[in-house]
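Have a look at the structure below, then the notes.
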Amino acid sequence: MILVGLGANLRMADGTPPAVTVLRAAAELADLPGMRGAALSRLWDSAPVPPSDQPRYVNAVLRLEGRAEPEALLSALQALESRFGRVRSAPNAARTLDLDLLDLDGLVRDQPPVLPHPRMHLRAFVLAPLAEVAPGWRHPASGLSVEALLAALPEPERAACRPLEPQPRLA
Ligand SMILES: Nc1nc2c(c(=O)[nH]1)N=C(CO)CN2
């Protein structure tokens with residue numbers, strides 16, 4: 001099982017809003033060679049972490065089944081980010097699209113891409129959508145369930161993250 005986190009908080013240069021960018025990127029990921037069984041969470045609306053005056057984010061998690069080498073998958077994610085107008089600047093800068101490899105078949109490794117994603121267990125905007133597509137998931141390094149990790153977060157962080165209403169769809 002492959003889990004990818006998607007995030008966006010800037011319109012693309014052509015005006016495409018973050019929610020549409022996330023839906024289109026998820027569709028393209030599901031179409032990568034060798035991938036099947038795609039399941040996309042709802043789109044979540046979340047306050048920027050760390051708190052800042054950046055726009056709120058649209059976040060989602062995509063679950064895929066398929067064989068992939070971590071490095072090749074990372075390259076594919078970065079190529080997709082570039083195609084969706086991502087300009088790499090400061091680490092937490094606003095972005096048109098951010099794709100994070102969260103988990104690849106439970107691998108634990110400390111070479112890029114570091115797996116599982118080193119901050120995923122601290123982020124409500126990752127864990128809440130992840131729980132929708134992989135409710136039985138456990139953190140590969142700690143063994144903690146997604147429910148336990150979510151419950152361990154401060155309540156204000158969980159509250160800063162809610163499903164988008166209404167849920168946008170691609171035309
Ligand atoms: N709510 C939210 N905050 C963020 C996000 C994100 O996807 N959602 N991504 C970041 C850079 O990885 C920094 N902060």
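Quick note: the coordinates plus some simple rules give every number you see, no bench work behind them. Everything numeric here is computed off the predicted structure, so don't read it as measured data. As a convention, Cβ positions derive from the backbone with ideal geometry for all residues, glycine included, and neighbour counts pool all protein chains shown.
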Net charge contributed by nearby residues that have their C-beta within less than 12 Å of E81 (K/R +1, D/E -1): +1
Rounded, prolate or oblate: which one fits the stretch 95-171, using the alpha carbon gyration tensor with axes a ≥ b ≥ c (rounded when a/c is under 1.5, else prolate when a/b beats b/c, else oblate)? oblate
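Note the direction-averaged projected area, equal to a quarter of the hull surface, for the Cα convex hull of the stretch 1-95, in nm².
Details: hull surface 24.9 nm².
So the mean shadow area of the Cα hull is 6.2 nm².
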Once a ≥ b ≥ c are taken as the square roots of the eigenvalues of the Cα gyration tensor of the stretch 40-123, is the result rounded (a/c under 1.5), prolate (a/b larger than b/c) or oblate (a/b not larger than b/c)? prolate
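Does the chain come out rounded, prolate or oblate, given a ≥ b ≥ c as the square roots of the eigenvalues of its C-alpha gyration tensor, rounded meaning a/c under 1.5 and, failing that, prolate meaning a/b above b/c?
In terms of gyration-tensor shape, rounded.
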